[in-house]
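For reference, the structure is listed below as C-alpha cells.
The values are calculated or read from the model by the stated rules, or taken from the named source; none is laboratory data. This one's a predicted model, so the numbers in the text were calculated from it and none came from an experiment. Calculation scope for accessible area: heavy atoms of the full protein, side chains included, ligands and nucleic acids excluded. Shrake-Rupley method; radii C 1.70, N 1.55, O 1.52, S 1.80 Å.
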Amino acid sequence: QVQLVESGGGLVQPGESLKLSCAASGKTFAIYVMGWYRQAPGKQREWVADITSTGYSKYTDSVKGRFTILLDDAKRTVSLQMNSLKPEDTAVYYCQRRQATATYWGQGTQVTVSS
C-alpha cells in the first residue's frame with residue numbers, strides 16, 4: 001500500500017504563484033508515474049501533468065508554460081510549481097501515483113485563485 005500526502009494549497013491572486021508538494025510513503029516501487037489532477041466545482045476531475053520515474057514529463061495544454069512538475073526521487077516527492085495562476089485554475093488538486101497495476105490518490109488540496 002502507498003500513502004500520498006499533499007501540501008501547499010491556498011488562496012492567491014491572479015498572476016501569483018503557488019507550489020504544491022506530494023510525498024509518497026509505504027511500499028513504493030522504483031518504476032512509477034506520479035502526477036497531478038484537479039477538479040473544479042461542478043466539473044469532472046481532469047489530468048494536469050505527470051512525470052515518470054525516469055524524469056519524462058507531460059502537461060495538459062492549458063497549463064503548458066505556466067506549470068512545472070518536479071520529481072525528487074530520493075525523497076519520493078513530486079511537486080507542482082504553478083506560476084501565472086488564473087481564476088480558472090481554481091480547483092482541488094490531487095496527487096496520483098501509478099506503479100505496477102495499482103493507482104493511488106492523495107486526499108486533495110484546495111487551490112483558489114481570486115482577487
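Some points to look at:
- Bridge type composition, the chain - antiparallel percent by DSSP, nearest 5: 95
- Take the chain with all the other protein chains still there, run a 1.4 Å probe, and you get 53 Å² of accessible area per residue.
- Mean-position separation - Cα centroids, the range 76-115 and the range 1-53, in angstrom: 3
- Remark: the range 20-28, residue by residue, has Karplus-estimated 3J(HN,Hα) of 9, 10, 9, 10, 9, 9, x, 7, 8 Hz, where x stands for each Gly or Pro and the curve is 6.51 cos²θ - 1.76 cosθ + 1.60 at θ = phi - 60°.
- Rh by Kirkwood over Cα pairs, then Stokes-Einstein D for the range 44-95 at 1.306 mPa s and 10 °C, µm²/s: 133
- Per atom type, the range 30-115 shows carbon and sulfur on 49% of its accessible surface, probed at 1.4 Å.
- Phi-based couplings in Hz for the range 60-69 (Karplus 6.51, -1.76, 1.60; Gly and Pro marked x): 6, 4, 5, 10, 4, x, 10, 10, 9, 9
- Entry for the range 3-115 at q = 0.11, 0.13, 0.15, 0.23 Å⁻¹: log10 I(q)/I(0) = -0.31, -0.44, -0.58, -1.33, Debye formula applied to identical alpha-carbon scatterers, no solvent contribution.
- Couplings 3J(HN,Hα) of the range 91-105, computed from phi: 4, 8, 9, 10, 8, 9, 10, 10, 8, 6, 9, 9, 10, 10, 10 Hz, in residue order, whole Hz [Karplus 6.51 cos²θ - 1.76 cosθ + 1.60, θ = phi - 60°; x for Gly and Pro].
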